[in-house]
Amino acid sequence: MSIQARLTELGLEIPTPVAPVANYVPFVLTGNIVSISGQIPMKDGKLAFEGKVGADVSEDDARAAARLCAINLVAQMQAACDGDLDRVVRVVKLGGFVNCVDGFGGQPQVINAASDLMVDVFGDKGRHSRSAVGVNALPLNVPVEIDALVEIKV
């Protein structure tokens, strides 16, 4: 089954990739590895979630934000692959950052929403290594930011 067919089966629509908000590029292709800059929970050009997990944002909403970050990662993958997600060989690594209160320990559960989406979309090719880190602030006061390394066919 093609990745596009899988997206349709899952009811997922991949948005136009989000443009950078500062002086960087959304992804860098070096050899057959795509390094994707941190994606935040943007939807329809607006922040879908803002605030600190454990204070302003529930863990459930943080998981929804992580899933949206993952959808935005897939959008960047699609751009890096000239529209053909079947060129993805492997999602190598996700780096997950959770803007949270001191003492919050649910970072792995939050970032699991992004990991689950990668496996749902890419199957075994979506299984990856990962970090899930709590931080005291993220750009634009978002609750989650996730970056990725992806191997593609060149």
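Computed from the coordinates by the stated procedures, all read-outs in this text should not be read as laboratory data. Not measured: the values here are computed from a predicted model. Backbone-built Cβ (ideal geometry, glycine too); neighbour counts: all protein chains shown.
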> Under a plain spin-label model, where a point goes 7 Å from the Cα along Cα-to-Cβ, how far apart in nm are ASN23 and LEU10?
Replying inline: 3.6 nm
>> Cβ neighbours within 10 Å, averaged per peptide: list 53-63, 90-100, 1-11 in order, most packed at the top.
In response: 90-100, 53-63, 1-11
> Over what distance in Å are the Cα centres of the stretch 67-110 and the stretch 20-64 separated?
Replying inline: 8 Å
> What order, most packed first, do the peptides 122-135, 140-153 have when packing is the mean number of other Cβ atoms within 10 Å of each residue?
Replying inline: 140-153, 122-135
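Filter the DSSP H helices in the chain by two things, a Kyte-Doolittle mean of at least -1.0 and an axial alpha-carbon span of 30 angstrom or more, and list the hits by number. Intermediate values should be presented prior to the final figure.
Values: long enough: 59-80 (31 Å, 0.23).
Going by DSSP H runs, the hits are 59-80.
Could you grab the relative contact order for the stretch 1-145? Cα pairs under 8 Å, six or more apart, rounded to a whole percent.
Values: 242 pairs, mean separation 42.8, N = 145.
Computed over the stretch 1-145, the figure is 30 percent.
Could you list, in their original order, any pairs among LYS46/LYS125; LYS43/LYS93; LYS46/LYS153 whose Cα atoms are separated by more than 27 Å? Display every interim value, and only then the final one.
Values: LYS46/LYS125 30 Å; LYS43/LYS93 23 Å; LYS46/LYS153 32 Å.
Cα-Cα > 27 Å for LYS46/LYS125; LYS46/LYS153; rest within.
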> So, counting K/R as plus one and D/E as minus one, what does the shell of residues with Cβ under 15 Å around ALA65 add up to?
Replying inline: -4
> Which values of log₁₀ I(q)/I(0), to two decimal places, follow from the Debye formula for the chain at q = 0.09, 0.20, 0.21 Å⁻¹ with a uniform point scatterer at every Cα?
Replying inline: -0.25, -1.24, -1.35
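What is the antiparallel percent of DSSP beta bridges lying wholly in the chain, to the nearest 5? Intermediate results must be reported in sequence, preceding the final value.
Numbers: 20 of 29 bridges.
Roughly 70 percent of the DSSP beta bridges within the chain come out antiparallel.
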